[in-house]
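Okay, structure first, notes after.
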Amino acid sequence: MSQPLAPVERVGIIGGGQLAQMLALSVQPLGVRCTVLDPNDSCCANNVCEQIVGEYDDPDALRRLADCSEVVTYEFENVPATAAEIIRAICPIHPNPDALGYAQDRHLERGMFSELGIAIPNYRAIDDVESLQSALSELGTPAILKARTLGYDGKGQVLINDAGNAAEAFETIGSVPAILDQFVEFARELSIVATRSVVGDIACYPLTENVHRGGILRVSKAPARKVSDRLTEQAHHAARQILERFDYVGTLAVEFFQIGSGDDATLVANEIAPRVHNTGHWTIEGAQTSQFENHMRAVMGMKLGSAEPIGCSAMVNIIGDEPRPGALESMPEAYVHMYGKAPRAGRKIGHVTLNAPSEGELDALLERFTRVIG
Ligand code: AMP
């Protein structure tokens, strides 16, 4: 009998969105079958996986997922802690669910960065309008008020330009516990995606440069340009510290602001995502092994593949509307990923990756793509 390609044949995934879809697709060639748990019976992963339709806190659905899986992972950070406990009683779950609590709460997350000696923006914890007023007088304006929990893609946060607007700002985020960030005059936003295996090997993808608009990621370019050795060292050090802190198995992303430029440039960490990440989508066609396959290799106990880029890549999110008919076909160089989600304002419904052998050729391709897509 031939040896199985992977030591595991069945993987469960909590969440059935596009990340689960790409995780499942990454290991189809290895003969691995995935089952997703998602309350939406037309979730995007269900065209490539089996699905258990159920809520993330439904003990029965979680047990069914664990029963049909040899190992379980997750594709989003708001997995309830109780869900991880239910799974853990039946089969292994990776990455370590302890990381979830930190990613779900910006105050805990900032505390974790500090504890590990990773530089962060000046910030204060906010419980009410009074604490917000005193934080504003200490940190000044502009400042950004961010809800501690359940905020992503720029949601649950508000820019404060005038300390007199404290009460209004607190109400805007729903009068919930928050943090107040000093506004960072960053040169650009960078992220690092890294995977750690069961035996502690770490594969770091190159730093990626990210452009957000309205709090939503629009474009990522990798490898990021003009990255000093110091920036790479800072990013790798931060990723390693966090991965080891949680005895983490799987892929993780850390988002940074770059302050200054050239040899003076330095990084401050903004947040982590204990999962595969939108700023790592370019790795599907742009790296030796994608972030998705490496995540799955890690959770299945396999050796990691190389995280080396194969050239220069750009990933463009398709947000809100479908591209006009024929546009993508006229750009055969574009690797297109449509997630099968209904168009809706602000919603990520797909992405495109462009690859080129040099930065100049990539820029030309990106310019043509932007013109074609409109
Ligand atoms: P976040 O939800 O923390 O990822 O923030 C969404 C976006 O808001 C980031 O990608 C930045 O563009 C911007 N932002 C967040 N925090 C700060 C900050 N402290 N200073 C300046 N811009 C920020």
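Look at residue 79 and say whether it is part of a loop (DSSP other than H, G, I, E, B), under 15 Å from residue 20 (Cβ atoms) and β-branched (Val, Ile, Thr). Yes.
Looking only at residues that are in a loop (DSSP other than H, G, I, E, B) and not hydrophobic (A, V, I, L, M, F, W, C) in region 16-40, which one is surrounded by the most Cβ atoms within 10 Å (Cβ to Cβ)? Looking at residues that are in a loop (DSSP other than H, G, I, E, B) and not hydrophobic (A, V, I, L, M, F, W, C), I get 16. Among the numbered conditions (1) touching a helix residue (DSSP H, G or I) at 6+ places or on another chain (Cβ under 8 Å); (2) assigned to a loop (DSSP other than H, G, I, E, B); (3) over 21 Å from residue 302 (Cβ atoms), the only one that residue 5 does not meet is (3). In this structure, is residue 283 in contact with a Ser or Thr (Cβ under 9 Å, 6 or more places away or on another chain) and crowded, with 21+ Cβ neighbours inside 10 Å? For residue 283, the condition - in contact with a Ser or Thr (Cβ under 9 Å, 6 or more places away or on another chain) and crowded, with 21+ Cβ neighbours inside 10 Å - is met. As for region 356-374, it holds no residue that is in contact with a Ser or Thr (Cβ under 9 Å, 6 or more places away or on another chain), of a type in the set (A, V, I, L, M, F, W, C), assigned to a helix (DSSP H, G or I) and closer than 17 Å to residue 75 by Cα. Residue 225 meets the conditions (1) over 18 Å from residue 252 (Cβ atoms); (2) within 16 Å of the ligand (Cβ to nearest atom); (3) touching a residue at least 40 places away in the same chain (Cβ under 8 Å) in every case but one. The failed one is (2). Scanning region 143-195 for residues that are among the polar types (S, T, N, Q), part of a strand (DSSP E or B) and out of contact with any Ser or Thr (no Cβ under 7 Å at 6 or more places or on another chain) returns 157, 182. Looking only at region 187-200, which residues are within 15 Å of the ligand (Cβ to nearest atom) and either without any contact (Cβ under 8 Å) to a residue 60 or more places away in the chain or over 20 Å from the mean Cα position of the chain (by Cα) (or both)? Within region 187-200, just 187 meets the criteria.
With 158, 184 as the choices, which residue is β-branched (Val, Ile, Thr), under 23 Å from residue 230 (Cβ atoms) and within 15 Å of the ligand (Cβ to nearest atom)?
Within the list 158, 184, the selection yields 184.
Just a yes or no: is a residue in region 186-208 polar (S, T, N, Q), surrounded by fewer than 24 Cβ atoms within 10 Å (Cβ to Cβ), touching a helix residue (DSSP H, G or I) at 6+ places or on another chain (Cβ under 6 Å) and over 30 Å from residue 73 (Cβ atoms)? The answer is no; no qualifying residue exists. For region 41-53, the criterion of being in a loop (DSSP other than H, G, I, E, B) and touching a helix residue (DSSP H, G or I) at 6+ places or on another chain (Cβ under 7 Å) is satisfied by at least one residue. Checked against (1) more than 16 Å from the ligand (Cβ to nearest atom); (2) in contact with a strand residue (DSSP E or B) (Cβ under 9 Å, 6 or more places away or on another chain); (3) not in a strand (DSSP E or B), residue 203 passes all but a single condition, namely (3).
No value in this document is a laboratory result; all are computed from the given coordinates. These numbers come from a predicted model, not from an experiment. A quick note on method: Cβ atoms are made from the backbone with ideal geometry, for glycine too, and the neighbour counts reach across all protein chains shown.
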